[in-house]
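Chemist: This is the structure I have questions about; it appears just below.
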Amino acid sequence: MNYESTVKLLSRFGQEHLLRYYDELTDTERSELISQIKEIDFSILDSLKPENSHEHQRGAVSPLEAVTIDNITAKGDEYLNCGLSAIREGKVAAVLLAGGQGTRLGFDKAKGMFNIGVNRELYIFECLINNLMDVVKQSGTWIHFIIMTSRINNKETVEFLDKHNYFGYNKEYVHFFIQDMAPCVDLKGKILMESKSKIAMSPNGNGGWFSSLVDSGIFDMLKSQGVEWLNVFAVDNVLQRIADPMFVGAVISTGSDAGSKVVPKVAPEEKVGVMCLDDDKPSIIEYFELSDKMRNLRDDKGELVYKYGVILNYLFNMDCLVEINKNKLPIHISEKKIPHIDENGECIKPEKTNGYKFETLILDMIQMNKSCLPYEVIRSKEFAPVKNDTGADSVDTARELLIKNGVNI
Ligand code: UTP
């Protein structure tokens, strides 16, 4: 793409201002700016139009039964043997979503590099790898461990894990891929610039994982090696059980297309998405989407009807993912404080929200499966999210839970 065709492209979308400083740039900066513009998917801007509001149109919502801890205990051997066989046959791989910016934690590096230890160094990545190693030992099999990063944190993540020797994991089974970015816009939909030659971009949300995995070639590599199931999970839960044989066994032996680990909510107001049926399709309703009535609805035993919260630990069948990928995921728009340069080329660090970021979310992939098994886990053993510095779901609460689970921190 040359200067003239870039001007043409930008004028189609009302974004000519991206070339405002072109004359001041060096040749290298000019060609970098043009290649950034070339990569932008401008169709994302359509989601700002009121007629394309991403508000999810729900059908008839009803509760979705989970396999409870009691069910799991009763079927223990069956699930365990089925899951372990699949792992030993190399049918399961683990995908870590580590491309987020972790703004709430306020740590300036990749979240996995955060040291959660108190008396010793213990990094979040290390906790996760230790958990996965339990299954490697139990099954006697190395499991492909795939890490999604973003352009912002890829270099530091790769270098960090290499420097720490992958915390004992077999390097040949560790793979990285980088998720795509989306442009940030101001409140009027104009794309923001980070500098005179750089567009303000942010990772395109955790729903971007699958298309980027395919683009990286890793999906085909896994397929060619006979992998059938992907366990996809978040970086921030330090108690996350990965490639859990019982979970894998439960999903396979119930003939489900997918599975989602769930925990009973601690209170109706807890800010987690809940699993439900939406017109007979498995679905996740975000906490802010739940009406007061649904949030507080209780059954005869006094239990919340919509009680199973998701913890971002899913098992997907790879063939079903190929089908899912034929659909477009809805785009979620969130208001954020976005650093940028103004009309005078001055850097602005806004105090208030000044624009929008665009994201797709992995939870929207659930409703594209024919079935998804909610699989209950013991909260105190498997859910210790590190979202905030202090308070709920914080470094403090995660440390307490690590200690309770016998982890030396
Ligand atoms: P969160 O929704 O907690 O987002 O991510 P975040 O960016 O990490 O944190 P905040 O909201 O800025 O504080 C849930 C999971 O999805 C991953 C995160 O790394 C985490 O594992 N994620 C999120 C991505 O991999 N890419 C993204 O673009 C967003």
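Chemist: Within the range 307-329, can you find the residues that are away from the ligand (no atom under 15 Å from the Cβ), assigned to a loop (DSSP other than H, G, I, E, B) and surrounded by 13 or more Cβ atoms within 10 Å (Cβ to Cβ)?
Modeler: Within the range 307-329, Lys307, Asn325 qualify.
Rundown of residues vs (1) surrounded by 11 or more Cβ atoms within 10 Å (Cβ to Cβ); (2) of a type in the set (S, T, N, Q), yes/no style:
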residue: Thr26; (1), (2): no, yes
residue: Arg30; (1), (2): yes, no
residue: Phe42; (1), (2): yes, no
residue: Glu51; (1), (2): no, no
residue: Arg58; (1), (2): yes, no
residue: Ala66; (1), (2): yes, no
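Chemist: Identify, please: which residue in the range 130-145 is within 18 Å of His164 (Cβ to Cβ) and among the aliphatic types (A, V, I, L, M) and is, among those, nearest to the ligand (Cβ to nearest atom)?
Modeler: Across the range 130-145, the extreme among qualifying residues is Leu132.
Chemist: Still on this structure, please answer the following. Exactly one of these conditions fails for Met1: (1) in contact with a Leu (Cβ under 9 Å, 6 or more places away or on another chain); (2) closer than 22 Å to Glu343 by Cβ. Give me its number.
Modeler: (2)
Chemist: If we keep just the residues of the range 196-238 that are in a loop (DSSP other than H, G, I, E, B) and within 14 Å of the ligand (Cβ to nearest atom), which is farthest from Gln101 (Cα to Cα)?
Modeler: Val238
Chemist: To continue, here is another question. Restricting to the range 60-74, name every residue that is within 10 Å of Leu373 (Cβ to Cβ) and assigned to a loop (DSSP other than H, G, I, E, B).
Modeler: Leu64, Glu65, Ala66
Chemist: Right, another one. Failed condition for Gly117, given (1) within 16 Å of the ligand (Cβ to nearest atom); (2) buried (at least 16 other Cβ atoms within 10 Å of the Cβ), with all others met?
Modeler: (1)
Chemist: Identify, from the list Leu48, Leu10, the residue that is in contact (Cβ under 8 Å) with a residue 24 or more places away in the chain, among the hydrophobic types (A, V, I, L, M, F, W, C) and over 30 Å from Arg295 (Cα atoms).
Modeler: On inspection, the qualifying residue turns out to be Leu10.
Chemist: State all residues of the range 239-269 that are closer than 30 Å to Leu80 by Cβ and in a loop (DSSP other than H, G, I, E, B); if no residue qualifies, say none.
Modeler: Those that are closer than 30 Å to Leu80 by Cβ and in a loop (DSSP other than H, G, I, E, B): Leu239, Gln240, Arg241, Ile242, Ala243, Asp244, Thr254, Gly255, Ser256, Asp257, Lys265, Val266.
Chemist: Just to be sure I understand the filter: pairs with C-beta atoms under 8 Å, separated by 6 or more residues or on different chains, first member in the range 134-146 and modelled with pLDDT of 95 or more, second member of a type in the set (Asp, Glu) and buried (at least 20 other Cβ atoms within 10 Å of the Cβ). Which pairs pass?
Modeler: Val135/Asp244
Chemist: Among the residues of the range 260-279 satisfying the criterion of being within 22 Å of Ser371 (Cα to Cα) and free of Cβ contacts under 8 Å to residues at least 40 places away in the same chain, which is surrounded by the most Cβ atoms within 10 Å (Cβ to Cβ)?
Modeler: That would be Val274.
The values are calculated or read from the model by the stated rules, or taken from the named source; none is laboratory data. Being a predicted model, the structure only gives us computed values, none of them experimental. In this analysis, Cβ positions are derived from the backbone assuming ideal geometry, glycine residues included, and neighbour counts consider all displayed protein chains.
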